[in-house]
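Note sheet for the following structure.
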Amino acid sequence: MTSEWVCDLRTAVIFGVTGQDGFYLSRLLIGKGYRVFGVSRDPSSYSSLKRREFGVEVLSGDLVQENRVDEILQQSQPDEIYNLAGESSVASSWKDPAKYCLANSVGVGNLLKILSGISTGTKPRYFQAASSEMFGETGETPVDELTPLKPKTPYGASKVFAHTMTGRFRDFLNVHASSGLLFNQESPLRSEKYVTKKICKAAVRIHLQGSGHLSLGNLNAKRDWSFAGDVVEAIWLMLQQDQPDDFVIASGILHSVEQFTEGVFRHLGISDWRRYVSSKEFDLRPTDVIATVGNSSKARKDLGWKSSTSFDELITLLVDAELRLQTTM
Ligand code: GDP
């Protein structure tokens, strides 16, 4: 190892490394030669995910514990900090709004405060994972970085605090802090709480067994879906900019849950998908954002980023992964 190489080696800390985006981002950073520390509230869950081969150094920690966060930053001396941690289910946020506020808002306040106090040595750059749920029913479409935020859910509200504080610590306390307003990002690693995984899992089971049933909520709900692997590229690019900023990260195209369902069954060679699917009132959500599409022109122009996996390619990727999973179980 040459000393020149050592100087070039950058260190990143990922809070929330066990999640879907944590997986894709750590893979990307390790591939670029970073030293990566991954922070998790439950490091044992990381080893059970069998991702050790990546070489991520896993630390235990929770953004809510300010002293522990301070310790982690002292120990790792990162150049870049990615915050992907927090509670992420929109539906579940109605059941425990305080938990969402603690994990998604208070924790970010702690981290930004610590970052603003670093006056010597490397001043790390910070990425905050914000969410399209912050827009709520804006009445505007497409939405961009300047669209007013009117969250409709506890999850969305908890993310607005974190996003707003990221901007204020950038503006007033000189922290290199960027926020990504991320639209729905999917992958085979999604849990079944999310509609894409729920549909793929049930459809593949029906395909393999020749029978079964899939019960969904609102088939007319529309989402702007991207592949998580594309989204983490944008996240990394944000921290490579001299000027920190906010960026909408979206495919820019809306598709309905019905279109997604039809596409999944079609890929499996099943044309009469309605035989297997029913739609009932989705009782977990007092309100649902029915359709918001994101305008990523700023990310395209300033970061040179675009969502490169199309809707059909995303379906193929998700269904093929689910097929592999269910036929090797
Ligand atoms: P979200 O956008 O983060 O809430 O991601 P989800 O994947 O949970 O939901 C995407 C959209 O699918 C929402 O508008 C849901 O109301 C709609 N949807 C329809 N049926 C279902 C279902 O059975 N499960 C889930 N999770 N969402 C559903």
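Computed from the coordinates by the stated procedures, all read-outs in this text should not be read as laboratory data. Not measured: the values here are computed from a predicted model. Cβ: placed from backbone, ideal geometry, glycine included. Neighbour counts: every protein chain shown.
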To the nearest 20 debye, region 222-329 has a Cα-centred charge dipole, built from +1 on Lys and Arg Cβ and -1 on Asp and Glu Cβ, of 240
Per-residue Cβ contact counts at 10 Å, fewest first, order ILE249, ILE118, ILE72, ILE81 as ILE118, ILE72, ILE81, ILE249
Exposed-loop cut sites defined as GluC sites (Glu not before Pro) in DSSP loop states with at most 12 other Cβ within 10 angstrom; longest site-free run of the chain spans 1-191
Note to self, the chain gives a 222 nm [θ] from helices alone (DSSP H runs n ≥ 4, -39500 (n - 2.57) apiece, / all residues, nearest 500) of -11500 deg cm²/dmol
Everything considered on the Cα gyration tensor (a ≥ b ≥ c; rounded for a/c under 1.5, else prolate if a/b is larger than b/c, else oblate), region 29-154 must be described as prolate
Between the residues LEU84, TYR100, GLY61, the Cα farthest towards the positive end of the dipole of region 53-102, that dipole coming from +1 and -1 charges on the beta-carbon of Lys, Arg, Asp and Glu, is from TYR100
Put in order of increasing Cβ neighbours within 10 Å, starting from the fewest, VAL106, VAL264 give VAL106, VAL264
A student applying the Cα gyration tensor rule (rounded when a/c is under 1.5; otherwise prolate if a/b is larger than b/c, oblate if not) would label region 113-270 prolate
The chain, convex hull of Cα, quarter of hull surface, nm² -> 17.4
With label points set 7 Å from each Cα along the Cα-to-Cβ direction at SER271 and GLN241, the distance between them in nm comes to 4.7
Applied in sequence order to region 154-164, the curve 6.51 cos²θ - 1.76 cosθ + 1.60 (Karplus, θ = phi - 60°) yields integer Hz couplings, x standing for Gly and Pro, of x, 4, x, 5, 5, 6, 5, 4, 4, 5, 5
